[in-house]
Amino acid sequence: MNKETVQQTPTYLEEFKRKGYSRKDFLKFCTLMAAYLGLENAAIGQVVKAMTVKPRLPVIWLHFQECTCCSESFIRSSHPIVADVLLDQISLDYSETLMAASGFQAEEAMKNTMTKYKGEYILCVEGSVPTAADGVYCMIGGKTSMQILEEAAEGAKAVIAWGSCASNGCVQAAKPNPTSATPIHKLLKGKPIIKVPGCPPIGEVMAGVIVHVVTFGRLPELDGLGRPKAFYSKRVHDTCYRRPYYDAGLYVESFDDDNAKKGYCLYKVGCKGPSTYNACGVTKWNNGVSFPIQSGHGCFGCSEENYWDNGRIYERASAFPGFGIEATADQVGKVALGVTAVALGAHAVMTNVRKRKLIKGLEKEGKDSEHELKD
């Protein structure tokens, strides 16, 4: 940005104060974002400084083939300032869903941002782009999604693909994919792209990605698939509170059985947690209240590529229960599960047997206690 533009654009802290937030609220927000990003305590000062002195980041937010669940997730974040990051603090200049303007005024807003902040604005994309039939399946203002995407991306500093639709095509790209729905990274070349998959991604995760770009002026560290490692470096399985049951070989066989009532592992009824990388089990949803597995439903694997075509939702993904798949996001798929099972077999079997006996013993003690109370 030139010096005149910087002077005209308020900083994040100035906007926080204008919205009625206190300095204490501001510091809490910065600390929260640093924690979500996995930054060390020393880095909190960097976040505070950046949000204090840097002008608001112009954002153009496009919608193509999607259901708007990513926007819904973001604006309904549990932290009020996180929601305001979208509506005010980022300086959202164009979003078909949230802006008050329409028609000519809306298009002018986007055009002005692209011209005034060329090379400085962030382009956020929600939804896949249909390429079949010359793109007629999704058009806005007489232009195809592809035309709009190319025009908006040309002067963008970076591109963020929100959700599974923009990151991997999602259900629109499921076989037979009649519209030839295509994720953003396959259409844009020569631009830094951050993929934030999920259906939808968690609101605080989305805010954390933008705060990182604002603080450090660059993309966060990404894994081999282009996802921020701060949020996609661990499997849902690794942070799941039902993991001990998985290791002990105690599973829900059907959603209405006694094992389901006991909170056993959902692996056998299709949970894709062992092969899905996301922060659901740590950050959770609705102010950290719950996430799908905690509510009794297995993970869909919605942050993984082609998850709609990766087998039936309610069938387990492997025939090797109890041994786990210990690999990083960049390694998954490179090491056969059978090899891992052989290497860990002897230790895993003994560990699982001990855990099973322990859990069964605790259950028996509980039942004996109930009988004593009745007597």
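Just so you know, all these numbers are worked out from the coordinates, no wet-lab data involved. Every value quoted in this text rests on a predicted model; they were computed, and no experiment measured them. Quick reminder, even Gly has a Cβ in these numbers, built from the backbone with ideal geometry, and neighbours come from all protein chains shown.
Laid out as a table, the results:
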| quantity | calculated |
| --- | --- |
| Calculated FRET value between residue 150 and residue 72, using beta carbons and R₀ = 45 Å, to 0.05 | 0.95 |
| Kirkwood-type radius of segment 119-201, with distances r between different C-alpha atoms, in Å | 12.7 Å |
| Cα-centred dipole magnitude for segment 132-232, charges only on beta-carbon of K, R (+1) and D, E (-1), debye, nearest 20 | 180 debye |
| Residues whose placed amide H lies under 5 Å from that of residue 181, excluding near-sequence neighbours | 131 |
| Around residue 260: net Lys/Arg minus Asp/Glu count, Cβ-Cβ under 12 Å | 0 |
| Cβ-defined net charge surrounding residue 228, 11 Å radius [Lys, Arg +1; Asp, Glu -1] | +1 |
| Set 54/116; 19/234; 143/195 screened for pairs whose C-alpha atoms are more than 29 Å apart | 19/234 |
| Leading residue at positive end of dipole, segment 200-302 (Cβ point charges), from 203, 281, 225 | 225 |
| Extended-chain gain in nm, criterion 0.36 nm per residue less alpha-carbon gap, residue 132 and residue 120 | 1.1 nm |
